[in-house]
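Here, each number is a calculation from the coordinates, and none is a lab measurement. None of the values given here were measured: they were computed from a predicted structure. Neighbour counts are summed over all protein chains in view; Cβ atoms, including those assigned to glycine, are modelled from backbone coordinates with ideal geometry.
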């Protein structure tokens, strides 16, 4: 439960927030107008929809929209500067319900000439508004999850396309050029005056030696996925299964059950920042 609450939460864009605010305001207006819940019919004991009653409800809807705009576009950015975690969004929702329900309760009593301005009525209004908010909040949550899944799918597709990139390794012997698909490269290892390219070919592990040094290859910046982790190793992060360590040192575990690759202090900090 603790780890779940500490996970980052998907955020809507500004345009999506504006659409959500419009939808919530309209939902509130029509729900209050036709169902007249939470004692709203005290404003009109006959429970009929008169022009004055409809005008009062839609003015509350406009007021609700204004409250949401202030909450999401003025208050929210002041509190949350970067990413937001699940427990933080939970606290934000509790605050939003109390803040908006209280402001609406005050507005409702102004329209009704303070006919229901009591502590018990205020508490009931907050609880009832929170119950009503479950419907649009659930819709927004499901939409956010759908958008998040779409983004993950797009990222995975981009990653798959990126892994098909062809990497060319020049050697000191200018007549030789070794080319491999990025997805087949596992890691590079220094072997005296040579560099061993460990790769997958037709489902088996293979190795090719080229006359060069890791420093020369690293300086070429062939691809962001090929990262120096040790004076003797460059790894393909596309095959990373696990990293055990910190910003000082560690060990990289690649997929396919290969031998763990050490991460030295000189390269650990850069590697960790790349993994985040």
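If you rank 87, 114, 92 by fewest surrounding Cβ atoms within 10 Å, what's the result?
Least to most surrounded, the residues fall as 114, 87, 92.
So how far, in whole Å, is the C-alpha centre of the range 235-260 from the one of the range 119-142?
Centre-to-centre (Cα) distance: 48 Å.
Nearest 500 deg cm²/dmol is fine: what mean residue ellipticity at 222 nm does the chain get from its DSSP H runs of n ≥ 4 alone, each adding -39,500 (n - 2.57), divided by its residue count?
Computed ellipticity for the chain at 222 nm equals -17000 deg cm²/dmol.
Please arrange 227, 149, 263, 69 by how many other C-beta atoms lie within 10 Å of their C-beta, fewest to most.
149, 69, 227, 263
I'd like the orientation of helix 14-35 relative to the chain: the angle between its Cα long axis and the longest Cα principal axis, in ° from 0 to 90, rounded to 10.
That works out to roughly 30 degrees.
What does the convex hull of the Cα atoms of the range 167-275 come to per residue, in Å³, rounded to a whole number?
Measuring per residue, one finds 92 Å³ for the Cα hull of the range 167-275.
Just rank 218, 116, 192, fewest to most, by other beta-carbon atoms within 10 angstrom.
By the 10 Å Cβ count, ascending, the order reads 192, 218, 116.
Tell me, what is the percent relative contact order of the chain, built from C-alpha pairs under 8 Å that lie six or more residues apart?
Answer for the chain is 10 percent.
Rounded to the nearest 10 degrees, what's the angle between the helix 119-163 long axis and the longest principal axis of the chain, both from Cα atoms, 0 to 90?
20
Between residue 216 and residue 34, 0.36 nm times their residue separation minus their Cα-Cα distance comes to what?
58.2 nm
Mind checking the angle between helix 86-111 and the chain's longest principal axis? C-alpha axes, 0 to 90 degrees, to the nearest 10.
20
Of the listed values (i) 93, 56, 39; (ii) 62, 45, 33; (iii) 93, 32, 29, grab the one calculated as Cα extents along the principal axes in Å from the structure here.
Computed from these coordinates, Cα extents along the principal axes in Å corresponds to label (iii).
State, to one decimal in nm², a quarter of the convex hull surface area for the C-alpha atoms of the range 55-105, i.e. the direction-averaged projected area.
Quarter of the Cα hull surface area: 3.6 nm².
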